[in-house]
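Written below as C-alpha cells is the structure these notes are about.
The values are calculated or read from the model by the stated rules, or taken from the named source; none is laboratory data. Computed from a predicted structure; not experimentally measured. Here the Cβ is made from the backbone with ideal geometry for all residues, glycine too, and neighbour counts use every protein chain on show. Ligands, DNA and RNA are excluded from the accessible area calculation, which covers all protein heavy atoms including side chains. Shrake-Rupley method; radii C 1.70, N 1.55, O 1.52, S 1.80 Å.
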Protein chains: 2
Amino acid sequence: GMLYGKILRSPYAHARIRRIDASRALAVPGVKAVVTGADMPPVKPGTIAPQGELEIDMYYLSKLILAQGKVLFHGHPVAAVAATSPEIAAYALGLIDVEYEPLEPVLDVEKAMEPTAPLLHDDLFTRSLGGVSEKPSNIALHLQMERGNVEEGFAQADVVLERTYRTQMVHQGYLEPEAETAWVQPDGRIIVWCNSQGMFAHRTQLSILFNIPPSRIKVIPTEVGGAFGGKIYVRVSPICLLLSQKTGRPVQIVLTREEVLRATGPGSPLVAHIKVGARRDGQITAIQAKFIYDSGAFPGGPVAGGVLSALAPYKTLHMRVDGYDVVTNKPRVAAYRAPGATASCFAMEALMDEVAEALGMDPIDFRLRNAVEEGDPMPNGLTWGRIGLKAMLERARRSPAWTEPLTGPYRGRGMALGFWRGGTNTSSCHITVNADGSVNVTVGSVDLSSTRTGIAQMVAECLGIPFEQVRIVVGDTDTVAHTDNSGGSRITYSMSAAVYQASQDLLGKMKVRAAGMLGVPPEQVEYRDGRFFVSDIPDKFKTFPEVCYASTRGGGALQGFGSNGRLKMAPAFSLHIADVEVDPETGKVRILRYTTFQDVGRAINPTLIEGQMQGGAVQGIGWALTEEYVFDEKGVLRNASLLDYRMPVALDLPMIDCEIIEVPASDGPFGVRGVGEAPIVPPAGALANAIYRATGVRFYRLPMSPERVFWALREAGRNGPRGQ
Amino acid sequence: GMLYGKILRSPYAHARIRRIDASRALAVPGVKAVVTGADMPPVKPGTIAPQGELEIDMYYLSKLILAQGKVLFHGHPVAAVAATSPEIAAYALGLIDVEYEPLEPVLDVEKAMEPTAPLLHDDLFTRSLGGVSEKPSNIALHLQMERGNVEEGFAQADVVLERTYRTQMVHQGYLEPEAETAWVQPDGRIIVWCNSQGMFAHRTQLSILFNIPPSRIKVIPTEVGGAFGGKIYVRVSPICLLLSQKTGRPVQIVLTREEVLRATGPGSPLVAHIKVGARRDGQITAIQAKFIYDSGAFPGGPVAGGVLSALAPYKTLHMRVDGYDVVTNKPRVAAYRAPGATASCFAMEALMDEVAEALGMDPIDFRLRNAVEEGDPMPNGLTWGRIGLKAMLERARRSPAWTEPLTGPYRGRGMALGFWRGGTNTSSCHITVNADGSVNVTVGSVDLSSTRTGIAQMVAECLGIPFEQVRIVVGDTDTVAHTDNSGGSRITYSMSAAVYQASQDLLGKMKVRAAGMLGVPPEQVEYRDGRFFVSDIPDKFKTFPEVCYASTRGGGALQGFGSNGRLKMAPAFSLHIADVEVDPETGKVRILRYTTFQDVGRAINPTLIEGQMQGGAVQGIGWALTEEYVFDEKGVLRNASLLDYRMPVALDLPMIDCEIIEVPASDGPFGVRGVGEAPIVPPAGALANAIYRATGVRFYRLPMSPERVFWALREAGRNGPRGQ
C-alpha cells in the first residue's frame, strides 16, 4: 500500500508565497494527499537539536523542509504530493497553483552582510560574544577568537602578507540520492526508513519537528550510498511523514540527481581575508583572519570547525579570528567532510606558502619551525594532547615525493597541511554469541566508510577470536543503545572504546560460565587465545565456542554491552604533496604525482585507511580544480547535473600515494584517530602552491579550472615556466 | 525481485516415488526453479535438534519437508516451483510428472504396531528402556514409567475399572496460514522471515538441515497469527531456502487453508487403555495405563507430556504406564497446546469420574482425597514444588458453579482436572533508554499470546516507571541474545526472571550515572518511585527520565541485560465445570454454563489470563464436541476446509467464566506460572462426564458430535434424562 511522494520546488530564489491551491492536483485519480508548509507543526524559534558537533536550528529547519510564507532559494520545497505511482505524483505537481511575489535575491555573501541588504529572515539576529543584535540581519553568527595582541605581533614581524581567498559552493557528490520512507501506523507510532548518518539524530529531529516523543518513532537506517556530512539534518523523511499522516499509508520519496544537486545541502563557500606576520627566522608572530561562510538560505555554516582547522597547525602568540555565518538565497549548506576546513585551509596554506617564499624558506621547514606540539595551547583555548604533526612533517621532508627533483616546463610542486579535530560523542554496541562460537555485534552507528570492518577487527582482537567469527549488525533505534551520528571521523575511534568495554563485559560473563563448566571458582579462570583455562592447569579448559554453545543450551544466554561518551579529542593532521603540469594553451592542470601523509594514530585497517586518504584527496582535488555551483543573477543553479557539475573521475587522477604515520592518540584502547576527514583538507592548498610554482601565478579563488587558469596566465603574461 | 513458491503434494498416503520429471514445468515462462527431495542436503540419521521441550529428529524432518524416495501421507510435499507470480507457479505444478508406485497405507495406529504391518520407514527402530529394537518397526518409542507394584495396588482395591478411550486427529486452527520467505544473498548469508514460535530454534533447524553455521542465517520473526505449538518445526522456509539457493532471489510461500489442514502438523490422536483401582475410602491404590500416540508419518508424538499430565494430579503408590509413539500414513503431528495432555487427561478424567461414581463419592471430593501436594513424588521421579491443586479443588467445591442445582431433562454437570508442567528454558532481553524517559525492551521471544503486555507490566514494575513508558520489541537472531521457543506456557514465567535481571542491571548503571550528576558516591544513591535520590537528602534527586536524557547527551549510553535459563518448573493445574443439555432428537450438546478454575501463580494481567483460560477452554470444547480429521480408507483427508472441519464459533458457546487462583510458584521473581496450556486440558473430560450425567451414556471416543451422541443414545435406548 505504499505511496510515492514528489516535491514541488520554488522557481524563485527569493519570493513571498501568496497562495497555494492544490485542488486541481487533489482531483487527479491516484493522488492521495498534498501537503504544504502550512502542514508543518510550528517549532519555537531558537529550538536547537544537539547533533554531535553540529547544532541544528530546528525552527529554520522546519521552514527549510517546506517553505513557510517565503521561498528562500531556487528549488526550495513548496508542496508535496503522495500518489499511487511516482508518475501520477509528478503529473499532479504541475497542477498545484502557487502564486508568488518575487523578491530581490541576495546572492553575494559580502553584500548580504551590508546593513542595507534585503533580509532573508525578519527574525534572524546576529549572535556574537556581545550577545544578540538588536536588528535582524543576514549575519547569523559572529564568532571571535583572540589570543595575545595581533598589533604587537605584526609589529614584531619582518614579513607581513595579507590576502583574500574565495571558494565556491560544492556538492558532496554522494552516489545515492536521498531515498526515504515514513509510515504513520494506525496506533500513531511512526517507522522511518532513511539513509541518514545517524538513526538517533534523525529520530531526535523528527521528534522535535513534529512534537512527538522520540520513543514513538522507530528509525531503521538503510545502507547509505555515501553522505560525507550531507545526510545529517532531515530533509526528505519529514515530508514523507506528513504525507503518511494524511493518508495512513507508507510514503516513499526518492530524489532525482537534479534535486540532489539543486536542493540538498552542499558545502559552504568561503570568503577569507587573512594576514600573517613572520620574523626572518621563520617564526610566525601574528595571524589575523576573517572567515565568512555562506550558509545559504538558513544559518548553519561550518564556522567553528573551519576556523579551528586553519589555525590548528601553527604556534603563534598573537592571533585574532572573526568567523561569520551569513545567509544568502542559495541552498542551505550541510556538512561536507571536514566541514569548513577544506576552504579555510586552502586560504591559510596558500598564504603560508607565500610567507615561506617571502622568507626564502622551504615550505615544510617553515611549517616545522611553527608546528604545534603536545602541551601547546589550541586556538580554542584547550591544550593539545599527543599529536603527530611534527612526526608527519619530518617524514614528508625526507620523502622522495618532496626530495626527488621535478623538472620540465610548466611543472611545479606544492604542499599544504590539513587538519581535523575529530569527533568523540557517544557510541554504543552490544555483543551476543551464536551457538557456533561466532558473535554478533549490534552497533548504533550507521556505516558510511566500511567502519564495520574495522569494528569487527577490534572485536576479534578484544575477544581473541578469528575476524571471520565476528559479524557487525547495524541496529535500529528500538534495539540498540544511543549512538551519535556517523561523522566527524569519530566512529572507529569512539567505537574502539565501546567494543573494548563490551568485549570485557562479555568475557567476564563467559569466565563465570566457564568456571561453572570446569567446576572451579571464577577467579581461578583465565582467558587467552580462545581458551578459558584454570590458572594452574592450562590443560583444563573450555574453548570460546564451547562456552558460546553451552550458553544456548541452558543457564542463561550471554551478552556484553559497551558504550562510550567520554573520550578526549584525537586530532588528526595531514599533509599532501602535489606535482603538477599546466598546459598553457588550455589552462588544464595535470597532476603528475600526488602523495598524502597522515597521522592515523593506529592503523586498524591500513587498506581502508588508504581508501579514506585517497578518497579524501580526490574530493579535495575536485574542490581545487573543477567543482563549483554556477548560479545566474537570479540565483538559479545552472549546472545541476553530473555532466555540468564536473567531479573528478579516474581518468583525471594519478595514483594517490599514501604514507601512514602512527602517533597513538592520547585516549582510547588502541590509540586510534579518526581518518576520514583530514585528507580532504590539503588538496586545494597543495595544488594552488604547485600551480604557482609551475606558472608563477598565484590563485586566490577556487576552482582553478582550465578556463580560469588560462585567463590568469594570459593576464599575467606568463607563458613560460617558472620551474622548480 | 521476490519469487512466489508453490508446493506439489502427494496424491497418495503411501507410495514409492519412481521418477520426477520437471522439464515441462521448467519450460514455462516465469518459472525460475523446481526443487525436489533430491535437493535436500543429506542429514545423518539420529541427528536431533534440541528445541526446548521438544526434541526434533532432523533426519526425518528433512524427509517430511520434501519427500525423499517415498511419500508417506496424502499431501506430503514432493516438489516445489518458484515463479514470478503465484499463478504461474501453481500452473507449473500441474506440469511436473511424478511416477508413483502406490503402497498399502497404514492408518490404524494399533494395526500399525503389529509386527506384520507394512513399514513406513525401513530405518525406524523402537527406542525403549531396553535400548533400540533389532528390527525396524512403526513404533518409534516405548516410554515406561513405573512406581511401586501395580499388581499389589490393584489387590488392595475395592473398585477396579478398566476402559479404552480414543481421540481423533485435530488441528490447532491458527488464523494465519504459514507464510514464509527466504533469501540466500549473494554472499551466501541467508535471511528468513517466518511466522515461527522461535527465531533461534528456527535458525538451529535450518542450520542443521542445510549444514550451514547458525551465524550465517538471520531469522526475522514476523507477527504470528496463532500457532498453539503448530509452528515449532520448520516446514515451509526450507523449501523457500532451496528455491532461493537456485535462483538467488527471495522466495515466498504462503500456504492455502486447505494445505494448512491437509499437510501441516495437527495434534496427535490417542488410544488409551487405563485401569484404576481404589479403596472404598476413596484412596486410589493403583493406576495402570497404556497411551498410544499416533504421530503420523514421522516419529514425534507427545508421549512424555501426555503421560505426565494424565497422572500428575493423583497420589498413588503404585503405577505403571507405557507410552508409545507410533507412525501411520497421516500428516506428521506437531505440538498442540499442552501437547498430548488434552487427549490423555480426557481419558483419565473420564475414568476417574466412573471410579468416583462407583465409590459413591463427589467427583471433586474424590480428587481432593487423592490430590498431590508439595513434597510428593511426581510420576517422573522428581518432587512437586509449591502447587495450587488443593487450593483450586477447595475453591471449586464451594463455587456456585458446582453447588447450584442444575435441573431439567437431559441436563448434567461434569468436571475434570487439567495439568501442564510448564516450560522453563532460556529467555533473554535487553533494555535501552530513550531521551524521553521511556525504555525499549528487546526480547528474544516471539509473541503468541500478548506476552508483550505482561512483560511490559513487569518491566514497569521492576523499574518503577509507568507502563506506558515501556515498549517491548521482538528482536531478531542477529541482535538479541539466545531465547528458546515461545511454547510450553513458558514466556511470561521465564521472562519475568530475565526482565528482573535486566532491570536491576540497568538501575545499577543509572544509579552510578545519577550519583555523578548529583555529585555524590554511587553508594549514597537510592532509587524509589522514579527518583534517584541521595540517601540522607531525599530532596536531592534526579528523576528516571532525567538520567535517561543525560545518557543520550554524553558519558555513554545505558543498557541493561537479562537472561535466565535456570528456573525450576512452575506447574499449573486447572479444573473445569460444565453444565450441558443434550438434545435427544439431534444429539447436539448445548453448553449451558462453563466455569474454569486455574492456579496461575501470580496474575500479572488478569484480563489476558482470562483470555487464555477462555481460549483454551474453547479449543478443548472443539476437541470434545466437533473436531476431527476424517480420513477415507486410502488415507485421504475428506474434510480439509473450515466448512467441513468444524471448529466452535461464538454462537456455539456460552460465556466462559474464569476463577483465578494464585498460589505463587516456587521460583521466579513474581511467583508467575505459565497459563496458556492448562485450560485446554479439562474440557473433553468435563463434557464427557456432564453428558453422562445428562444422558446416562458414557463416551469413550472423541468428538462427542451430534451424530455420535444421537446414535449412542439410540443404541443405549436412553431417551430420558438421567438428571442430576
(message) If I model a spin label as a point 7 Å beyond the Cα along the Cα-Cβ vector, how far apart are those points for B:His273 and A:Thr403 in nm?
(response) 10.0
(request) In nm to one decimal, list the spacings between the B:Gly381 label point and its equivalents in the other copies, with label points set 7 Å along Cα to Cβ, shortest first. (result) 7.6
(message) From the gyration tensor of the Cα coordinates in the protein assembly as shown, what semi-axes in whole Å does the equivalent ellipsoid have, largest first, with each one equal to sqrt(5λ)?
(response) 73, 32, 31
(request) Kindly state, to the nearest 0.05, the FRET efficiency for B:Ala650 paired with A:Arg528, given R0 = 60 Å and r defined as their beta-carbon distance. (result) 0.40
(request) Just add up the charged neighbours of A:Lys32: K/R +1, D/E -1, any other residue whose Cβ is under 11 Å from the Cβ of A:Lys32. (result) +2
(request) Using Cα positions and a limit of under 20 Å, work out the lysines in reach of B:Lys290, with same-chain residues fewer than 8 apart set aside. (result) B:Lys111, B:Lys275, B:Lys315
(message) Let me make sure I get this right: for region B:48-118, a, b and c are the square roots of the gyration tensor eigenvalues over alpha carbons, sorted descending. Under 1.5 in a/c it's rounded, otherwise prolate if a/b > b/c, else oblate. Which is it?
(response) oblate
(message) Am I reading the A/B interface right? What is its buried accessible area, both sides, 1.4 Å probe, to the nearest 100 Å²?
(response) 3200
(message) Sorting check: for A:407-413, A:31-37, which peptide has the highest mean count of neighbouring beta carbons within 10 Å, and how do the rest follow?
(response) A:31-37, A:407-413
(request) At 0.36 nm per residue, minus the direct Cα-Cα distance, what do B:Asn211 and B:Lys44 gain on full extension? Give it in nm, one decimal, please. (result) 59.1 nm
(request) Between the alpha-carbon centers of region B:398-441 and region B:484-532, tell me the distance in whole angstrom. (result) 27
(message) Probe radius 1.4 Å, ligands and nucleic acids ignored: give me the carbon and sulfur share of the accessible area of region A:258-414 as a rounded percent.
(response) 48
(message) Quick check: residue separation of A:Glu87 and A:Met2 times 0.36 nm, minus the Cα distance between them. What number comes out in nm?
(response) 29.2 nm
(message) How far apart, in nanometres, would the label points at B:Glu585 and A:Lys315 be if each is projected 7 angstrom from Cα along the Cα-to-Cβ direction?
(response) 11.3
(message) Keeping every protein chain present and rolling a 1.4 Å probe, give me the accessible area per residue for chain B in Å².
(response) 35
(request) Quote the charge dipole size of chain B about the Cα centre in Debye, to the nearest 20; the model charges only the Cβ of Lys and Arg (+1) and of Asp and Glu (-1). (result) 680
(message) Counting only protein heavy atoms and a 1.4 Å probe, tell me what percentage of region B:498-589's accessible area is made up of carbon and sulfur.
(response) 48
(message) Taking 30 Å as R0, compute the FRET efficiency from the Cβ-Cβ separation of B:Leu161 and B:Arg708 and round it to 0.05.
(response) 0.85
(request) For A:Lys390, list the aspartates and glutamates whose Cα falls under 16 Å from its own Cα; do not include residues on the same chain fewer than 8 positions away. (result) A:Asp362, A:Asp365, A:Glu373, A:Glu374, A:Asp376, A:Asp599, A:Glu659, A:Glu662
(message) Using the Cα centre of region B:350-392 as origin and beta-carbon charges of +1 (Lys, Arg) and -1 (Asp, Glu), tell me which of B:Asn370, B:Leu359, B:Leu389 is placed farthest towards the positive end of the dipole.
(response) B:Leu389
(message) If each residue of separation counts as 0.36 nm, what is the full-extension length gain between A:Arg189 and A:Lys634 once their alpha-carbon separation is subtracted?
(response) 155.9 nm
(request) Taking the Cβ of B:Ala67 as the centre, find all other residues whose Cβ is under 11 Å away and add up their charges (Lys, Arg: +1; Asp, Glu: -1). (result) +4
(request) Pull out a ≥ b ≥ c, the square roots of the eigenvalues of the alpha-carbon gyration tensor of chain B, then state rounded if a/c is under 1.5, prolate if not and a/b is larger than b/c, and oblate in the remaining case. (result) oblate
(request) Taking each label point as 7 Å beyond Cα in the direction of the beta carbon, state the distances from A:Ala358 to the same residue in the other copies, shortest first, in nm. (result) 11.8
(request) Could you look at region A:601-640 and say what percent of its accessible area is carbon and sulfur, using a 1.4 Å probe and all protein chains? (result) 50
(request) Count charges around A:Val547 for me, please; just the other residues with Cβ under 15 Å from its Cβ, Lys/Arg as +1, Asp/Glu as -1. (result) +3
(request) Quick one: with label points 7 Å out along Cα→Cβ, list the inter-copy distances for B:Gln144 in nm, shortest first? (result) 9.8
(request) Determine which lysines satisfy two conditions relative to A:Lys6: a Cα distance under 30 Å, and not lying fewer than 8 residues away in the same chain. (result) A:Lys32, A:Lys44, A:Lys63, A:Lys70, A:Lys218, A:Lys231, A:Lys246, A:Lys330, A:Lys634
(request) Assuming R0 = 41 Å, can you tell me the calculated FRET efficiency for the pair B:Asp376 and B:Tyr549, based on Cβ-Cβ distance, to the nearest 0.05? (result) 0.15
(request) Counting helices only, and only those DSSP H runs with n ≥ 4, report the 222 nm mean residue ellipticity of chain A as the sum of -39,500 (n - 2.57) divided by its residues, in deg cm²/dmol to the nearest 500. (result) -8500 deg cm²/dmol
(request) State, to one decimal in nm, how far the label point of A:Phe467 lies from the label point of A:Ala179, with both points 7 Å from Cα in the Cβ direction. (result) 2.9
(message) Checking buried surface per residue: for region A:544-561, which residues lose a minimum of 40 Å² accessible area in the protein assembly relative to the chain alone (1.4 Å probe)?
(response) A:Thr552, A:Arg553, A:Gly555, A:Ala557, A:Gln559, A:Phe561
